[in-house]
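Undergrad: Structure provided below as structure tokens; questions to follow.
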Amino acid sequence: MKADMKGVLNTTQNTRQLITNKCTVIVDEFGSIAITIEEDNGYEGVTNISEEELIQTSDNSYTASKNGKRYSFVFNDGYMTLTIENTDNTTSNGLLSKVN
């Protein structure tokens, strides 16, 4: 499933909103996922998750752990839900729309 998704991630701690970032997720033809999180002053970084690192939890849901963070992906028709459990006990989540 090749796809480009874009949207906004909201990072919260408990119920308190901390920060909002632009996010791009690219799924390549091999099933690998690249996550780019952008701040106002530039890119925070890119996380690459290979197909081998993904664990399918249902027909359209996957999880992966990388660099101490836990990623959850739920793919729907035209959009996806991304949730990241960060190493500092915050959670980033958002809906990303398919752009192509």
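Undergrad: Out of [x] 21.4, 70; [y] 12.8, 37; [z] 14.0, 53, which label holds the value of Rg and Dmax of the Cα atoms in Å that was computed here?
TA: Computed from the coordinates, Rg and Dmax of the Cα atoms in Å corresponds to [y].
Undergrad: Could you provide, to the nearest whole Å², the per residue accessible area of the chain with probe 1.4 Å?
TA: It amounts to 62 Å² per residue over the chain.
Undergrad: Given +1 on the Cβ of Lys and Arg, -1 on the Cβ of Asp and Glu, and no further charges, what dipole in debye does the chain carry about its Cα centre, rounded to the nearest 20?
TA: Value, rounded to 20: 280 debye.
Undergrad: Further question: What does the charge count near Tyr71 come to, summing +1 for each Lys or Arg and -1 for each Asp or Glu among other residues with Cβ under 11 Å from its Cβ?
TA: It works out to a net charge of +1.
Undergrad: Quick one: net charge around Glu44, please, counting Lys, Arg +1 and Asp, Glu -1 for every other residue with C-beta under 13 Å from its C-beta.
TA: -1
Undergrad: Please report, as a whole percent, how much of the solvent-accessible surface of the chain comes from carbon and sulfur atoms (probe radius 1.4 Å).
TA: Carbon plus sulfur share of accessible area: 45 percent.
Undergrad: Here's another thing I want to ask about it. What accessible area, in Å² to the nearest ten, does a 1.4 Å probe give for Val99?
TA: Surface open to solvent at Val99 totals about 80 Å².
Undergrad: Test of understanding: in a Gaussian network model of the chain with alpha carbons linked when under 10 Å, which of Leu82, Leu54, Leu18 would top the mean-square fluctuation ranking?
TA: In the Gaussian network model the winner is Leu18.
The values are calculated or read from the model by the stated rules, or taken from the named source; none is laboratory data. None of the values given here were measured: they were computed from a predicted structure. Every residue, glycine among them, receives a Cβ derived from its backbone with ideal geometry; neighbour counts consider all protein chains shown. Ligands, DNA and RNA are excluded from the accessible area calculation, which covers all protein heavy atoms including side chains. Shrake-Rupley method; radii C 1.70, N 1.55, O 1.52, S 1.80 Å.
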